[in-house]
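Notes to accompany the following structure.
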Amino acid sequence: MKIAFVGKGGSGKTTLSSLFIRHLAAAQAPVIAVDADINQHLGAALGLDEAESAGLPAMGAQLPLIKDYLRGTNPRIASAETMIKTTPPGEGSRLLRVDEDNPVYDACARTVPLDDDAAVRLMATGPFTDSDLGVACYHSKVGAVELCLNHLVDGPGEYVVVDMTAGSDSFASGMFTRFDMTFLIAEPTRKGVSVYRQYKEYARDFGIGLKVVGNKVHGADDLDFLRAEVGDDLLTTVGHSDWVRAMEKGRPPRFELLEEANRQALRTLRETADGAYEERDWQRYTRQMVHFHLKNAESWGNAKTGADLAAQVDPAFVLDERLLAAPQPA
């Protein structure tokens with residue numbers, strides 16, 4: 001399952017995504033965690049110190065390697081240089097699986113140990129550097145994430161959890177359609193629910209699975225406010241957590257000591273994500289991938305690469321978990 005955590009800055013989306021990742025890992029589920037926020041905090045939330053977080057490899061810096069590997073023997077892609085962030089896979093493309101080793105993970109992922117034998121693979125877009133200032137935008141940094149998601153095929157019981165950029169910036173590309181379930185973290189305030197309204201409106205025509213998780217909910221009045229503002233989209237709420245306070249100080253207790261009410265909220269998130277599996281529509285997923293690729297090709301991709309990127313689309317190809325059993329191209 002591909003799962004996104006979104007919300008306004010300061011809503012707690014990174015904290016909630018890290019708790020959910022810990023919850024999955026504690027159950028020994030295969031998990032890939034992706035920090036796709038320009039403010040790179042997921043590593044720290046998973047227990048890395050400042051130096052370890054800063055030392056995570058930036059996916060954007062490995063884009064040539066990623067493109068070369070994913071291109072495989074796809075005859076529709078003339079060169080890795082003609083691939084853009086929305087390039088879809090086709091016959092001959094290499095695909096990524098959650099629970100495997102491959103050159104992309106070798107270059108971009110690091111294993112983060114958690115309690116007991118639990119661990120997750122963590123990947124990060126990488127922060128802005130001095131060389132980016134004035135010449136690059138945030139969305140160019142997350143292009144590697146979108147390209148990997150386009151080529152990732154996953155099955156039941158496998159999880160890719162992405163901590164997305166704050167606010168509604170996700171809609172500047174097609175990446176918001178890459179998920180089986182999107183959890184929007186909202187505080188019980190007018191600003192807290194404003195991003196929800198934007199997301200709901202943008203996602204309306206794309207069949208996006210969207211549920212709201214109320215965060216920093218401290219009483220009946222907060223709960224009533226969220227119910228009035230988001231209605232049936234409110235899935236669960238999270239209140240004060242001494243465990244989270246300790247984690248934010250760099251001294252997290254064992255995860256099993258997280259408050260029971262908050263553990264129940266995490267169980268609800270997993271049950272909801274797993275329930276979305278029955279609604280998977282790989283045909284629609286592939287159509288949306290192609291839709292955004294053609295839009296990008298026409299608006300800027302063809303001019304940038306000097307190639308007809310529409311020709312990269314393989315009309316007979318559908319990304320499907322049955323491909324999990326297929327051999328990779330040489």
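The values are calculated or read from the model by the stated rules, or taken from the named source; none is laboratory data. Computed from a prediction, not measured in an experiment: that's the story for all the values here. Cβ atoms come from the backbone with ideal geometry, glycine included; neighbour counts cover every protein chain shown. The accessibility values were calculated without ligands, DNA or RNA, using every heavy atom of the protein model including side chains. Shrake-Rupley method; radii C 1.70, N 1.55, O 1.52, S 1.80 Å.
Conditions tested, residue by residue: (1) in a strand (DSSP E or B); (2) in contact (Cβ under 8 Å) with a residue 24 or more places away in the chain; (3) within 14 Å of the chain's Cα centre (by Cα).
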site: VAL161; (1), (2), (3): yes, yes, yes
site: THR182; (1), (2), (3): yes, yes, yes
site: VAL195; (1), (2), (3): no, yes, no
site: LYS211; (1), (2), (3): yes, yes, no
site: LEU223; (1), (2), (3): no, yes, no
site: LEU235; (1), (2), (3): yes, yes, no
site: ARG245; (1), (2), (3): no, no, no
site: PRO252; (1), (2), (3): no, yes, no
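How many residues does region 227-263 hold that are among the small types (Gly, Ala, Ser) and open to solvent by less than 20 Å² (accessible area, probe 1.4 Å)?
Looking only at that region, the number is 1.
Can you tell me which residues in region 273-327 are among the basic types (Lys, Arg) and in a loop (DSSP other than H, G, I, E, B)?
Answer for region 273-327, where residues must be among the basic types (Lys, Arg) and in a loop (DSSP other than H, G, I, E, B): just ARG280.
Tell me, yes or no, whether region 218-225 has at least one residue that is touching a Leu at 6+ places or on another chain (Cβ under 6 Å) and modelled with pLDDT of 90 or more.
No: region 218-225 contains no residue that is touching a Leu at 6+ places or on another chain (Cβ under 6 Å) and modelled with pLDDT of 90 or more.
Of these, THR73, THR82, THR87, which one is of a type in the set (S, T, N, Q), at pLDDT 95 or above, under 29 Å from ALA297 (Cα atoms) and within 18 Å of the chain's Cα centre (by Cα)?
None of the others qualify; the one that does is THR87.
Quick one: in region 45-96, which of the residues that are free of Cβ contacts under 8 Å to residues at least 24 places away in the same chain and polar (S, T, N, Q) is surrounded by the most Cβ atoms within 10 Å (Cβ to Cβ)?
That would be SER53.
Scan region 43-76 for residues that are touching a helix residue (DSSP H, G or I) at 6+ places or on another chain (Cβ under 9 Å) and among the hydroxyl-bearing types (Ser, Thr, Tyr) and report the count.
Total satisfying the criteria: 2.
Could you please let me know if GLU259 is at pLDDT below 90 and of a type in the set (Asp, Glu)?
no
Open to solvent by 20 Å² or more (accessible area, probe 1.4 Å), modelled with pLDDT under 95 and of a type in the set (Gly, Ala, Ser) - does that describe any residue in region 97-118?
No: region 97-118 contains no residue that is open to solvent by 20 Å² or more (accessible area, probe 1.4 Å), modelled with pLDDT under 95 and of a type in the set (Gly, Ala, Ser).
Can you name the residue in region 169-226 that is touching a Pro at 6+ places or on another chain (Cβ under 8 Å), open to solvent by less than 40 Å² (accessible area, probe 1.4 Å) and among the hydrophobic types (A, V, I, L, M, F, W, C) and is also farthest from THR87 (Cα to Cα) among such residues?
The qualifying residue farthest from THR87 (Cα to Cα) is VAL217.
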